[in-house]
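Structure first, commentary second.
Since every read-out is calculated from the coordinates, none of them should be taken as a lab result. Computed from a prediction, not measured in an experiment: that's the story for all the values here. Using ideal geometry, Cβ is built from the backbone for each residue, glycine included, and neighbour counts are taken over all protein chains shown.
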Amino acid sequence: MDQKLRIVCNITATTKSFSAAFYYLSTSYNQLPAKYRIEYVLQVIQAGYYPILAVVGVPVNVLTMIILCRKMCGLSNCITRYLLAMAAADLLVVIIDLILRHIPIVYLEQFTFIKSVPLCNIHAVLLYAATDCSVWYTVAFTFDRFMAICCQNLKIKFCTKKTATMILTTVTVLSCSKNITWYFILTGWYRLWNEPWFCEVTDNVQFSHFWGSIEFLHYILTPGIPFVLILLLNALTIRHIVVTNRARKRLHVHNVGARNKDVEMDSRRKSIILLFFISANFILLWAVLMVYSTWDRLWELGYRVLFLDYFVMELGFMLQLLSCSTNTCIYVMTQAKFRNQFKQFLRYPFTAILQLIE
């Protein structure tokens with residue numbers, strides 16, 4: 001690659017501008033190395049992907065909250081509380097992260113005035129607090145299902161609406177408290193770069209092992225520990241269900257014959273399907289960004305073992321933000337009553353129009 005094209009690539013990689021990426025793809029595509037092609041293609045895709053995700057993410061999360069508040073899905077009050085909290089946290093992430101951060105970064109030329117607004121560190125605190133809540137609500141729900149399925153003696157005391165409210169409140173307070181440190185790590189000025197840091201930082205922070213250690217602590221608490229907890233709790237839950245179902249199946253066949261249906265086994269099967277999809281959705285869509293954020297910070301601090309290209313980060317952001325809009329799809333696929341409620345809400349505008357016409 002010649003010197004001129006290398007300079008062009010470096011400038012475009014720094015600005016993260018959709019229009020610049022589109023221009024160089026259309027004029028110099030054959031001369032670009034593969035990593036730049038991938039990065040620029042992702043940036044162009046983001047110009048349509050992020051607005052569509054926002055248009056879909058806000059209404060589906062609002063609709064999910066409305067359906068859950070109606071309590072007509074056949075779910076317990078405890079489960080409903082957790083799912084409602086997860087939907088509310090996802091909605092906040094869509095608004096604070098996707099709409100107020102990533103879309104302005106993609107359409108940089110139209111939002112350059114934001115750089116003069118000295119609120120970035122406050123924005124970061126709210127963003128990371130909402131993200132932490134979204135992640136840890138998922139952990140809390142996973143733990144609740146583990147207690148309900150594997151610890152029958154504690155189920156009555158733990159799996160209640162009161163306990164769920166207390167746990168969700170505690171998680172919210174701790175998430176907000178933990179992320180206050182971002183106010184001091186970052187400055188109030190935006191730099192609008194599509195990186196884990198989207199605010200300006202001082203050199204004392206950027207190359208500080210002290211602040212780097214605090215940032216690593218953030219990554220360990222979210223999403224590092226949640227990854228481990230969700231995998232462990234799911235493994236224990238699945239193991240318990242497999243062992244219990246085998247025993248119940250043998251007893252059921254011996255006593256009443258193979259043709260009769262075991263309601264208890266069906267109920268557990270539905271619970272584990274819902275739990276598995278929610279957990280897998282979180283782990284798969286968060287993994288890329290978690291790996292990149294950790295490696296990128298190590299690189300900044302001088303531990304240059306492996307360099308990950310920028311397109312890994314771009315893909316990581318796209319997948320992580322997608323996770324805020326997919327839980328509704330999971331509920332529709334796994335919960336028949338929720339699916340019926342969802343269909344009714346989608347049909348309602350058309351039904352109302354037909355009634356007016358008639």
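Ranked by how many other Cβ atoms sit within 10 Å of their own Cβ, fewest first, the residues Y24, Y303 fall in the order Y303, Y24. Going from the fewest other Cβ atoms within 10 Å to the most, the residues F141, F227 appear in the order F227, F141. Dipole orientation for the range 3-357: of the candidates S19, P51, V135, V135 has the Cα lying most toward the positive pole (charges on Cβ; Lys, Arg +1; Asp, Glu -1).
As a rough guide to protection, the peptides 92-99, 72-79 ranked by mean Cβ packing within 10 Å, highest first, stand as 92-99, 72-79.
Going from the fewest other Cβ atoms within 10 Å to the most, the residues E200, E39 appear in the order E200, E39.
Which helices, counted as full DSSP H runs in the chain, have an axial Cα extent of no less than 20 Å and a Kyte-Doolittle average of -1.0 or above? Helices passing the filter in the chain: 34-70, 77-93, 120-150, 161-178, 225-256, 263-300, 336-357.
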